[in-house]
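J.: Shown below is the structure under consideration.
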Amino acid sequence: MKIAYADPPYINCAKYYPEKTEVDHRLLVDKLVNGYDNWALSCSSPSLKQLLDLCPDNVRIAAWVKPFCSFKPNVNPAYAWEPIIFSIKKQRLTRADRTIRDWVSANITLKKGLTGAKPIIFCYWLFDLLQMQPTDEFDDLFPGTGIVTKCWEEYRKGDVKKG
């Protein structure tokens, strides 16, 4: 199967990245919907409604819950979770398989060189969420620090204890 993950600069947050260019999320969602069997898109909670308006009706929302996160002055409540919009066009799991939760709890990363770098636990959960198999073709559309691709290579080799 062909699977993708997109973790672009979130809407109105391009200023925090070297490119400083806003992503055309309409084009991005179209690419995901029409180019992949299963896919996921990370976003911010303030942009969730705007992005859902671009998505087909069959998408679901998962959550990355952050027990430790960055608390910003005058921001209350804190942004302690991130939505992940995902689509499973080709279901692989059966009742006999273990159930994957639609959330993961993992602390944010620090000093990884890029705002929003995902933790390793998040990456492995994402692969399970998207029902990935070692033979799948996987595109990390916004590689950033490269951690998602690195984790995918380890996951494919079976170098990771799942679950």
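Bear in mind that the values in this text are calculations on the coordinates, not laboratory data. For clarity, every value in this text was computed on a predicted model and none was experimentally measured. Every residue, glycine among them, receives a Cβ derived from its backbone with ideal geometry; neighbour counts consider all protein chains shown.
J.: List the pairs whose first member sits in region 136-147 and is without any contact (Cβ under 8 Å) to a residue 40 or more places away in the chain and of a type in the set (Val, Ile, Thr), whose second member is surrounded by fewer than 16 Cβ atoms within 10 Å (Cβ to Cβ) and not in a loop (DSSP other than H, G, I, E, B), and whose Cβ atoms are under 8 Å apart, counting only residues at least 6 apart or on separate chains?
T.: From residues that are without any contact (Cβ under 8 Å) to a residue 40 or more places away in the chain and of a type in the set (Val, Ile, Thr), the pairs are Ile147/Ile120.
J.: Check region 3-22 and report whether any residue there is of a type in the set (A, V, I, L, M, F, W, C), assigned to a loop (DSSP other than H, G, I, E, B) and in contact with a Cys (Cβ under 8 Å, 6 or more places away or on another chain).
T.: Here is the first cut: in region 3-22, the residues of a type in the set (A, V, I, L, M, F, W, C) are 3-4, 6, 11, 13-14.
Now narrow it down to the ones that are assigned to a loop (DSSP other than H, G, I, E, B): 11, 13.
Narrowing the set further to residues that are in contact with a Cys (Cβ under 8 Å, 6 or more places away or on another chain) leaves 11.
Yes, region 3-22 contains a residue that is of a type in the set (A, V, I, L, M, F, W, C), assigned to a loop (DSSP other than H, G, I, E, B) and in contact with a Cys (Cβ under 8 Å, 6 or more places away or on another chain).
J.: Check Arg156 against each of (1) within 28 Å of Cys13 (Cα to Cα); (2) not in a loop (DSSP other than H, G, I, E, B) and name the one condition it does not meet.
T.: (1)
J.: Same structure again: Quick one: in region 28-47, which of the residues that are part of a strand (DSSP E or B) and of a type in the set (S, T, N, Q) is surrounded by the fewest Cβ atoms within 10 Å (Cβ to Cβ)?
T.: Ser42
J.: For region 69-88, enumerate the residues that are surrounded by 12 or more Cβ atoms within 10 Å (Cβ to Cβ) and out of contact with any Ser or Thr (no Cβ under 9 Å at 6 or more places or on another chain).
T.: Cys69, Ser70, Ala80, Phe86, Ser87, Ile88
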